[in-house]
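Below: one structure, written as structure tokens.
The values are calculated or read from the model by the stated rules, or taken from the named source; none is laboratory data. As the structure is a prediction and not an experimental result, all values here were calculated from the model. Backbone-built Cβ (ideal geometry, glycine too); neighbour counts: all protein chains shown. Keep in mind that these areas ignore ligands, DNA and RNA; they rest on the heavy atoms of the full protein, side chains included. Shrake-Rupley method; radii C 1.70, N 1.55, O 1.52, S 1.80 Å.
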Amino acid sequence: MALMTTTVRTKLRRLIASAGNRSNGSISISICRQLSSATEAAEAVGSRGVVGLGVFGLKDYEDYRRSLYGDITHKALLVDAAGTLLVPSQPMAQIYREIGEKYGVAYSEAEILNRYRRAYEQPWGGSRLRYVNDGRPFWQFIVSSSTGCSDSQYFEELYNYYTTEKAWHLCDPEAEKVFKAIRKAGVKLAVVSNFDTRLRPVLRALNCDHWFDAVAVSAEVEAEKPNPTIFLKACDLLGVKPEDAVHVGDDRRNDVWGARDAGCDAWLWGSDVHSFKEVAQRIGVKV
């Protein structure tokens, strides 16, 4: 989806037309030309996506947004959870093996990882969604497929482990300071994640749940990224329009394409941006 929505494009063209018709007005011909150039640049950028901006570059797009919205380019920041805000503290296969040893799991970590990937990529037949409520049926399938162990006690111990602060840590150690600055600047914050209902306890365990104005969890919204519904729900919870929000996540399909389909801006974590401080700077917030 193009970065510049039809609504935004129309708005800018009306500004240009209005300026051109005011021969004695406050907007000069030179500014009209600059706005026109900004429109052309933004349209070209939109056709290329955020990654690989071509001859116009990132700065042109940011200047374009500032020409419309001022120094703060977005009213809301949407953040992916796993892989962006937080990551597992230990490799998944290692934890599956270590906890599973006392239940008879004999697979190596490499074999567990391969079996996990195959199971995760299979169509989930239990529901149109993988994560329904607490996601137990889906995760029981994943665990037994990955390890060959269907022991209910093993599953419960493993499942509960991933609700604790031992299982996760924040990707960016400066996240709290940056998010405080972002909220102080008037930008709203939300987590948008494909996750089961354990996400809220995980955020509380990491003492970061209070950083956010809203949390949109796929198991609660009943829509998983890249479905635009979950992004629209997050915007609705924040009280902003999709074109006023930018989403940051580590998955090009789920996060970038999904957010753009919803009408939001989107940046790929680890490629377009590498820290939340960089995210804040691109929005126009000083940290």
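Out of ARG260, ARG253, one residue alone is under 13 Å from the mean Cα position of the chain (by Cα), at negative phi and open to solvent by less than 30 Å² (accessible area, probe 1.4 Å). It is ARG260. Just wondering, is there one or more residues in segment 163-172 that are farther than 19 Å from ALA205 by Cα and buried (at least 19 other Cβ atoms within 10 Å of the Cβ)? No: zero hits. In a loop (DSSP other than H, G, I, E, B), closer than 22 Å to ARG66 by Cα and either touching a residue at least 60 places away in the same chain (Cβ under 8 Å) or open to solvent by 70 Å² or more (accessible area, probe 1.4 Å) (or both) - does that describe any residue in segment 222-234? The answer is no, given that none of the residues of segment 222-234 is in a loop (DSSP other than H, G, I, E, B), closer than 22 Å to ARG66 by Cα and either touching a residue at least 60 places away in the same chain (Cβ under 8 Å) or open to solvent by 70 Å² or more (accessible area, probe 1.4 Å) (or both). State which residue pairs qualify: first residue under 23 Å from THR229 (Cβ atoms) and assigned to a loop (DSSP other than H, G, I, E, B) and inside segment 202-218, second residue modelled with pLDDT of 95 or more and among the β-branched types (Val, Ile, Thr) in any location, beta carbons under 9 Å apart, and separation of 6 or more residues or different chains. Once the first residue is under 23 Å from THR229 (Cβ atoms) and assigned to a loop (DSSP other than H, G, I, E, B) and sits in segment 202-218, its partners that are modelled with pLDDT of 95 or more and among the β-branched types (Val, Ile, Thr) give PHE212/VAL79; PHE212/VAL191.
Flag set for TYR107, criterion: of a type in the set (Ser, Thr, Tyr) and at pLDDT 95 or above. None of ASN207, ASN160, ASN194 is at pLDDT 95 or above, open to solvent by 10 Å² or more (accessible area, probe 1.4 Å), of a type outside the set (A, V, I, L, M) and closer than 24 Å to ASP251 by Cβ except ASN194. Which of the residues belonging to segment 245-287 are of a type in the set (Lys, Arg), in contact with a Ser or Thr (Cβ under 9 Å, 6 or more places away or on another chain) and over 19 Å from GLU174 (Cβ atoms)? The answer is ARG252, and nothing else.
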